[in-house]
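**Student:** Dropping the structure in here first, questions after.
The values are calculated or read from the model by the stated rules, or taken from the named source; none is laboratory data. This structure is a prediction, so every number in the text was calculated from the model and none was measured. Ideal geometry is used to build each Cβ from the backbone, glycine not excepted, and the neighbour counts take in all protein chains shown.
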Amino acid sequence: MKRTTVAASLLAVLLSTLVCIAAPREVRLGYLRNDLHHLAAWVAMDRGFFRDEGINVEIAGIFNAGPEEMAAFASRSLDIGYLGVAPSATGLANGSARIRAVALANAEGSAVVVRKDSTIRAVRDLAGKTVAIPGYSSVQDFLLRKALEAAGMDPRKVNIIVMKPPEMIVALDGKQIDAFIAWEPHPSKAVTMGIGRTLISSPAIWKGHPCCVVAVDEQFYRVNPQVVKSFLRAHVRAMEYIRQNPEDAIRIGIKFTGMDGATVREAISHIQYHYFAREDDIKEYVTYLLKLGYIKSIIVDGFVREYLDLKMIKDIAH
Amino acid sequence: MRYLPVFSVVVIWQVLSLSGVIPGNRLPSPVNIFLGFTELLTQGLPPGYGLAGHCAGSLKRVLGGVGVAIVTALPLGIAMGYWSRAREYLNPFVEMVRPVPPLAWVPIAILWFGIGDRSSSFVIFLGAFFPVLLNTIAGVLSINRRLIESSIILGASKKALFGKVLLPGAMPSIITGVRIALGIGWMTLVAAEFTGVKSGYGLGYMIMTARDIQRPDQIIAGMAIIGIIGYAMDFGIRIMENKILKWR
């Protein structure tokens, strides 16, 4: 009788351990609304790559802009999120949330758009005009100023205002603004709607510039490194999938944005999907954010070492 | 002595922040908020856009919207107060539009007026119009009917009736309406500016920028500035009220 009890208890312990191992690990994910830069996340969800890695991804938030997503990180509502380098680095530097950037989500994929019939032909012609950006300290804010400086212009000569990207196309059409800079698919949508044309695309401003990253809540990273690694494996697999299955990637882009095929196809053609960020590129961002006064009193090298942690992604890639 | 409770709260708050009980990234300490405020003063937000400019931008929009509200609601209110027919026919319109929050009008305002000062002034106008209108009507209705009847019997022209009897008689109520309108207008303004401001100046816009660069200390400093200006405007109206209604 005693042996049966012991055997039954051991079996129970074994079964419950197996269940614990087999039960999917939860990840609360956030990304930006209609931001095709985050296609890898959507591909991984659609194709079941996260499930294959044994993680259960719950969409904990879809945000209109990076700073909103950082507020979600600050209130500990997200474990992992896709968002721009600029808002995530700004948030860490200004102490609003403790996150780590563990992989790149995309490079390039933004553009400055003017009205189709506009007389603006070069960046220099933006002097005295009104240009909309999605928000201060966004990647696009940074790119616009970089483009203006490269053209030898003082950014103060341009009236830079903040607008939500979905409203930019209407504002451009209605002559409220003379130009806007936004992430794909908004520039492509302006083109396919026949309202705008690209003045300058972001690779022309800064070739290969990093754009969005995969950010992890620092405590989640410390406590669940295996889950983060599994997530990144799915992320890498999604990137490969996009490269090898462009048509299906477009289908998934349409599914998650609700936009038409022509726009999504055009938009994806302007985005680079790869997962390695270069430390020097991130340093350039951070130096610029310092210069603009959005972040203060940090030492760039030390900060970037704290912000960027590519150990896992390097491991996975080899 | 009056300010002792407020002072104590601030001190306790600072102590709790210093000890880490209140996390600094969710609620900055009073000292950090003050430092954020000095940065707003010295450097501006975004850097280069000074605080004075933001205050001026917002005040312009609010005073514009509330001004138009007063100029339109006053005569309409007196007419509706005096003529019951006018009240009967116009009330349905008033009661249908009044419950709609001014902020719900923002997308329409932008469609009609674009993203400049006019759309935010329009939203403020909508918020300010109804308190002035309703208080004017109530003020006229509260005038002793005998006074009105006597004026008519004694041969007062419509102009004299409106200008020398109805308007002064309704004035206490009208001023209350203006105070409420200014308060609502000031509150609505900040949210209206969240949607975008062409000139780059405005207190709501400034708070939105603080949110963008993730500085909750400056968000709260901005909120405090908005509160102080709102209080100052109300104080100003109360002084004016005492002057205008000296006869009371």
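**Student:** Quick check on this structure: which one of A:Gly66, A:Gly95 is buried (at least 24 other Cβ atoms within 10 Å of the Cβ) and out of contact with any Lys or Arg (no Cβ under 7 Å at 6 or more places or on another chain)?
**Tutor:** A:Gly66
**Student:** Follow-up. Restricting the search to the stretch A:256-314, which residues are of a type in the set (S, T, N, Q) and at pLDDT 90 or above?
**Tutor:** Listed by number, the residues that qualify are A:Thr257, A:Thr263, A:Ser269, A:Gln272, A:Thr287.
**Student:** Among the residues of the stretch A:286-306, write down those that are closer than 18 Å to A:Pro210 by Cα and more than 14 Å from chain B (Cβ to nearest Cβ).
**Tutor:** A:Thr287, A:Val300, A:Asp301, A:Phe303, A:Val304, A:Arg305, A:Glu306, listed by residue number.
**Student:** Out of the stretch A:285-299, which residues are crowded, with 16+ Cβ neighbours inside 10 Å and either of a type in the set (S, T, N, Q) or in contact (Cβ under 8 Å) with a residue 12 or more places away in the chain (or both)?
**Tutor:** If the condition is that a residue be crowded, with 16+ Cβ neighbours inside 10 Å and either of a type in the set (S, T, N, Q) or in contact (Cβ under 8 Å) with a residue 12 or more places away in the chain (or both), then A:Tyr285, A:Val286, A:Tyr288, A:Leu289, A:Leu292, A:Tyr294, A:Ile295, A:Ile298 are the ones that fit.
**Student:** Quick one: which of A:Val113, A:Val102 is at pLDDT 95 or above, in contact with a Phe, Trp or Tyr (Cβ under 6 Å, 6 or more places away or on another chain) and part of a strand (DSSP E or B)?
**Tutor:** A:Val113
**Student:** Scanning the stretch A:116-143 for residues that are of a type in the set (Val, Ile, Thr) and either assigned to a loop (DSSP other than H, G, I, E, B) or within 14 Å of chain B (Cβ to nearest Cβ) (or both), which turns out surrounded by the fewest Cβ atoms within 10 Å (Cβ to Cβ)?
**Tutor:** Our first condition is that a residue be of a type in the set (Val, Ile, Thr); within the stretch A:116-143, this holds for A:119-120, A:123, A:130-131, A:133, A:139.
If we keep only those that are either assigned to a loop (DSSP other than H, G, I, E, B) or within 14 Å of chain B (Cβ to nearest Cβ) (or both) too, we end up with A:119-120, A:130-131, A:133, A:139.
On the way: A:Thr119: 8, A:Ile120: 18, A:Thr130: 20, A:Val131: 24, A:Ile133: 25, A:Val139: 27.
That would be A:Thr119.
**Student:** Hey, among the residues in the stretch A:300-318 that are touching a Leu at 6+ places or on another chain (Cβ under 6 Å) and of a type outside the set (Val, Ile, Thr), which one's surrounded by the fewest Cβ atoms within 10 Å (Cβ to Cβ)?
**Tutor:** Top of the filtered list is A:Met312.
**Student:** Is it the case that some residue within the stretch B:143-158 is at positive phi and in contact with a His (Cβ under 9 Å, 6 or more places away or on another chain)?
**Tutor:** No, that holds for no residue.
**Student:** Then there is this: Of all residues in the stretch A:161-181 being more than 7 Å from chain B (Cβ to nearest Cβ) and among the aliphatic types (A, V, I, L, M), which is surrounded by the fewest Cβ atoms within 10 Å (Cβ to Cβ)?
**Tutor:** Across the stretch A:161-181, the extreme among qualifying residues is A:Val170.
**Student:** Please enumerate the residues belonging to the stretch A:151-160 that are in a helix (DSSP H, G or I) and touching a helix residue (DSSP H, G or I) at 6+ places or on another chain (Cβ under 7 Å).
**Tutor:** Once the filter is applied, which keeps residues that are in a helix (DSSP H, G or I) and touching a helix residue (DSSP H, G or I) at 6+ places or on another chain (Cβ under 7 Å), the stretch A:151-160 yields only A:Pro155.
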